[in-house]
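The values are calculated or read from the model by the stated rules, or taken from the named source; none is laboratory data. Computed from a prediction, not measured in an experiment: that's the story for all the values here. Backbone-built Cβ (ideal geometry, glycine too); neighbour counts: all protein chains shown.
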Amino acid sequence: MGERVEHRYFVYILASKPWGTLYVGVTSAVDARVYQHREGQFEGFTKKYGVKRLVYFEEHGDVYVAIQREKRIKKWPRAWKINLIRTDNPDWLDLSADWFPQMPTEEEIGNWIARTSRAMTDRDEKNA
């Protein structure tokens, strides 16, 4: 008998800002899907309205349960969705804020190179 593989599925809600436009979705890789939304890789609703902030997600072990949950939440009145978000995330924080490293600016790269060069020079002088 083969080893049973555990699958994970996520129902998630994105918002454009606190109390802003909402989007409900389902995925097997919430981190990858949020990144795709954030980078505007999907044409359509989320890109058009700037819906990029992950404000809610829940995990399921069965794809059919996750899909049914997503469909149910999509039909809810807006007030119910807001209550769901505010139950676990009253401040509407972006739950994925620290999931992805930010690309450094040219200035930050220059500062890092300068610090690294100084450190290497200092080390070489001590070892000479």
Exercise. Can you find a residue in region 63-81 that is touching a helix residue (DSSP H, G or I) at 6+ places or on another chain (Cβ under 9 Å) and under 20 Å from Ala97 (Cβ atoms)?
Worked result: no
Problem set entry | Residue check, Val51 at pLDDT 75 or above and over 28 Å from Lys17 (Cβ atoms) | no
Exercise. Can you name the number of the only condition in (1) in a helix (DSSP H, G or I); (2) acidic (Asp, Glu); (3) exposed (fewer than 11 other Cβ atoms within 10 Å of the Cβ) that Asp98 fails?
Worked result: (1)
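Table: residues versus (1) farther than 13 Å from Ala15 by Cα; (2) over 14 Å from the mean Cα position of the chain (by Cα); (3) among the polar types (S, T, N, Q); (4) at pLDDT below 95.
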| site | (1), (2), (3), (4) |
| --- | --- |
| Tyr56 | no, no, no, no |
| Glu70 | yes, yes, no, no |
| Lys74 | yes, yes, no, no |
| Asp124 | yes, yes, no, yes |
